[in-house]
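Take a look at the structure below.
Bear in mind that the values in this text are calculations on the coordinates, not laboratory data. Since the structure is predicted, the reported quantities are computational estimates derived from the model, not experimental observations. Cβ placement follows ideal geometry from the backbone for every residue including glycine, while neighbour counts extend to all protein chains displayed.
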Amino acid sequence: MENLFEVQAELRTDMGKGASRRLRHAGQVPAIMYGAEQEAVSLTLDHNKFIRHLQEEAFYAHILTLVIDGKESKVVLKDLQRHPASDLKIMHADFLRIDPKHAMTMIIPLHFVGDDVAAGVKDGGKLTHLMSDVEISCLPKDLPEFIEVDTTTLALDDSIHLSELVLPKGVTLTALAHSQDEELEEGVRSSYDQAVVSIHTPRVVSEDEDEVDVAAEGEEAESTED
């Protein structure tokens, strides 16, 4: 079975926009590996094989093994450029070498559980996901594949904020690190402590409001004709 977290690559010696274009036409993806106070290395990947890796959500938040001419390097996928007209066409990939002793920042997906049985939903509310991922900081050994958000007990007209997320050991949210620089009064929430998910009462439009809207549209049409 193919190891989805092991990426085969080759060293790239032909540089420039023209060379990159030729690589893409030949079914290859230009890439680069950098970081850990070492020189950057230009690479090429097989496009079709790389696409299979990208179909796995955990690939984006996982320590990867990049195999270059038989030599292994531990990396994470730091950036990905897709074709503007097709998400299935990869233009370039950036891999960051990891240092086991130094913290790293990564974008991690949020997994919501309990949405269909949330207390506020049962009371007639509408649940809205306000974020799909968060930026975290941690040592490579503590890197989670996702962060779970349990909305089961979320009440009507309430929300869950970043500071209320249950984080794995060794993981911090970079947004909340910024909030430490703010001077806040007691009980005031930081501007960085944003809502992740909320449940609100759906707005019901009355018949009177509908009539007002229709009348306004009619007046606007008459004004345009004049």
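Check the straight Cα-Cα distances from LYS78 and name the lysines below 25 Å, setting aside those fewer than 8 residues away within the same chain.
Qualifying lysines at Cα under 25 Å: LYS17, LYS49, LYS89, LYS101, LYS141, LYS169.
Restricted to Cα positions, what overall size does region 19-154 have along the principal axes? Three whole-Å values, descending.
For region 19-154, the Cα spread along each principal axis is 59, 40, 20 Å.
Using a 10 Å cut-off around each Cβ, can you sort ARG52, ARG97 from fewest to most neighbouring Cβ atoms? Walk me through the numbers before you get to the answer.
On the way: ARG52 12, ARG97 18.
Ascending Cβ contact count within 10 Å gives the list ARG52, ARG97.
Ordered by residue, what ³J(HN,Hα) values in Hz, to whole numbers, does region 63-79 give under the Karplus form 6.51 cos²θ - 1.76 cosθ + 1.60, where θ = phi - 60° and Gly and Pro are x?
6, 9, 9, 9, 9, 10, 6, x, 9, 9, 9, 8, 9, 10, 6, 9, 8
Search the structure for amide H atoms under 5 Å from the amide H of HIS111, placed 1.01 Å from N in the peptide plane, and list their residues when 5 or more places away or on another chain.
ILE147, GLU148, VAL149
Which ³J(HN,Hα) values, rounded to whole Hz and listed in residue order, are derived for region 125-131 from phi using the Karplus coefficients 6.51, -1.76 and 1.60 in 6.51 cos²θ - 1.76 cosθ + 1.60 with θ = phi - 60°, glycine and proline given as x?
Computed from phi, the couplings for region 125-131 are x, 10, 8, 10, 7, 9, 9 Hz.
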